[in-house]
Amino acid sequence: MPTASQRSPHNVGDRDGCAPVEPTISICICTFKRPAMLRGLLESIARNLRANVPCEVVVVDNDHAASAREIAESPMSSAMPVRYFVEPEQNISRARNRCVLEARGDWLAMIDDDEIPEPEWLIDLYGCALELDADAVFGPVKPIYAPNCPRWIIDGGFFEKGHASTGTPVATGQARTSNVLLRRDLVASMDEPFNPDFGLSGGEDSFLFEGLLLDGSRLFWCDGGTVSENVPPERATWQWLLRRAFRGGQTHGRLILSGYGRRRTTIFTRLHLLVGSLARLCFATGAAVLCLPFGKIARFRWLLKVALQIGKITALTPFTYREYAR
């Protein structure tokens with residue numbers, strides 16, 4: 001964790017009309033070498049976002065060269081102060097932990113730098129959280145495709161992120177940080193709420209939220225508070241989707257083997273993971289072959305399951321696929 005001197009922010013200062021009070025909600029944004037997307041997000045917050053409580057924006061730049069500084073410190077007509085920090089070690093977990101450390105609000109609203117919130121985003125999430133007496137609420141993420149995105153990818157819904165009706169408890173494997181509002185005191189006392197071991201591979205959010213579920217935290221869906229997420233052309237390919245499925249499987253296996261920081265694992269845990277993954281791999285491979293006459297989408301769904309199971313098996317080896325290593 002950063003020292004006191006390292007924690008000194010490049011503070012933009014309060015915007016005109018911002019009340020000198022402690023914020024109720026800290027909007028937490030981690031960014032890495034995507035200044036154009038960050039600009040779009042901050043401008044959207046400044047122009048459109050409506051909130052009925054005091055808020056602040058906390059931007060943590062995970063680029064040691066501070067490439068987001070100019071964007072974060074640019075003058076914008078915002079009703080919220082923007083506070084900017086640099087987390088020099090490239091690791092998304094350390095960037096998220098820095099957000100938790102620097103935030104001053106009672107609630108943390110986590111949104112990715114490639115997302116754009118709807119105007120009622122915070123109002124909906126905050127209202128749901130209070131109504132449900134929740135520790136965290138998760139909102140929908142709507143994909144926005146490039147004009148040249150292949151039709152089969154759109155029709156297949158491969159970038160759709162699951163959600164449910166308001167008040168539905170979040171199940172194991174569903175929680176993520178791309179659109180969530182959570183109580184800061186739920187994580188503020190943790191030394192490293194987001195595990196740095198998953199900071200280059202992904203899965204740091206699953207590690208946190210699965211552990212919170214094991215602890216009995218109240219996590220719910222909110223069928224409002226929608227954000228949109230851009231799907232760049234380089235991701236809208238079968239190769240990227242297969243790599244993401246492989247990484248997801250490996251991350252899932254590593255999380256099981258880690259016990260989410262709450263459970264001890266044994267040789268039987270490893271054996272169960274291996275046998276179960278092999279059985280599902282065989283089934284998915286057979287299903288992919290049988291789906292050959294039924295079109296690309298049906299076949300590809302099973303190929304994704306094949307990649308997922310292979311990823312789980314590799315979790316038992318020393319190899320780790322670091323998707324976010326640059």
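The values are calculated or read from the model by the stated rules, or taken from the named source; none is laboratory data. All values reported here derive from a predicted model rather than from experimental measurement. Because the Cβ atoms are built from the backbone with ideal geometry, glycine has one as well, and the counts that use them run over all protein chains shown.
Key figures
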| read-out | value |
| --- | --- |
| Pairs where the first residue, in segment 133-159, is over 17 Å from CYS222 (Cα atoms) and the second is assigned to a strand (DSSP E or B), C-beta under 6 Å, 6+ apart | PRO143/GLU229; PRO143/VAL231; ILE144/SER228; ILE144/ASN230; TYR145/VAL231; ILE154/TYR145; PHE159/PRO143; PHE159/VAL231 |
| Helices (runs of 4 or more DSSP H) wholly inside segment 51-145 containing at least 2 residues that are over 21 Å from the mean Cα position of the chain (by Cα), in the same structural domain as ILE27 (by TED's automatic domain parsing) and modelled with pLDDT of 95 or more | 121-132 |
| Options ILE116, ILE154: the member that is aliphatic (A, V, I, L, M) and within 30 Å of PHE294 (Cα to Cα) | ILE154 |
| Candidates ILE116, ILE123, ILE153, ILE144 - the one that is under 21 Å from GLU229 (Cα atoms) and touching a Phe, Trp or Tyr at 6+ places or on another chain (Cβ under 9 Å) | ILE153 |
| Counted residues, segment 154-176 - those being polar (S, T, N, Q), surrounded by 18 or more Cβ atoms within 10 Å (Cβ to Cβ) and either farther than 18 Å from ASP133 by Cβ or within 15 Å of the chain's Cα centre (by Cα) (or both) | 1 |
| Qualifying residues in segment 229-261 (those that are under 17 Å from the mean Cα position of the chain (by Cα) and among the β-branched types (Val, Ile, Thr)) - the one farthest from ILE153 (Cα to Cα) | THR251 |
| Helices (runs of 4 or more DSSP H) completely within segment 230-326 that count 3 or more residues being aromatic (Phe, Trp, Tyr) and at pLDDT 95 or above | 238-258 |
| Qualifying positions in segment 238-255 - in contact (Cβ under 8 Å) with a residue 40 or more places away in the chain and surrounded by fewer than 19 Cβ atoms within 10 Å (Cβ to Cβ) | TRP238, LEU242, ARG243 |
| So LEU208, is it within 28 Å of PHE246 (Cα to Cα), out of contact with any Ser or Thr (no Cβ under 9 Å at 6 or more places or on another chain) and in a helix (DSSP H, G or I) | no |
| Selected residue [of a type outside the set (Asp, Glu) and farther than 16 Å from LEU255 by Cα] from ARG176, ARG184 | ARG184 |
| Filtered residues of segment 70-116 (kept if among the basic types (Lys, Arg) and buried (at least 17 other Cβ atoms within 10 Å of the Cβ)) | ARG83, ARG94, ARG96, ARG98 |
| Selection within segment 121-176 - acidic (Asp, Glu) and within 30 Å of PRO233 (Cβ to Cβ) | ASP155, GLU160 |
| Qualifying residue in segment 141-153 (condition: buried (at least 16 other Cβ atoms within 10 Å of the Cβ), hydrophobic (A, V, I, L, M, F, W, C) and more than 25 Å from ALA175 (Cα to Cα)) | yes |
